[in-house]
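First up is the structure itself, then whatever we jot down about it.
Values quoted throughout were computed directly from the atomic coordinates according to the rules given, and no laboratory measurement underlies them. Model, not experiment: these values are computed from the prediction. A quick note on method: Cβ atoms are made from the backbone with ideal geometry, for glycine too, and the neighbour counts reach across all protein chains shown.
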Amino acid sequence: MTVFAVWLPMLETDWSKPRSGALARLSDRRARQYWDPQRRVGALLKQSEEAFQFLHPDCCEDQGVLWDMAAVYAPGVEWRDALPQPVLVDGTVVDVANRLETALAAGR
């Protein structure tokens, strides 16, 4: 299992990629962290949500970009032209940490 954490600039203070202090918050060796300065992943998630009407997080949207949210996909699914249906979409991440852990454990 791999967990992808995508960091993107959303706040006025997000002018550069996260530094070691922020990156250290995700110390699990399964986590892969990426900086997305153009906010492409958040925009893609928003487009897919609208096109396929999948689960909508109870938070996390700004200027058509989803952020500070978690999306969990079933094992083996692949992202292609259209994103697959997630098993869980919710946020903010800190508020749904327990649900996120449960969904990840179920997918092992």
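Side notes on the structure shown:
- Calculated mean residue ellipticity, 222 nm, the chain: -7000 deg cm²/dmol, from DSSP H runs (n ≥ 4) at -39500 (n - 2.57) each, averaged per residue and rounded to 500.
- Computed packing ranks the peptides 8-18, 67-77 as 67-77, 8-18, most packed first, by mean other Cβ atoms within 10 Å.
- Remark: the Q47-A31 segment gains 3.3 nm on full extension, using 0.36 nm per residue and subtracting the alpha carbon distance.
- Model label sites at T13 and D95, defined 7 Å from Cα along the beta-carbon direction, differ in position by 2.0 nm.
- Label-to-label distance, nm, for residues given as Q38 and L23 (7 Å Cα→Cβ offset): 2.2 nm
- Here the chain yields Rg over Rh of 0.93, to two decimals, using C-alpha coordinates and the Kirkwood radius.
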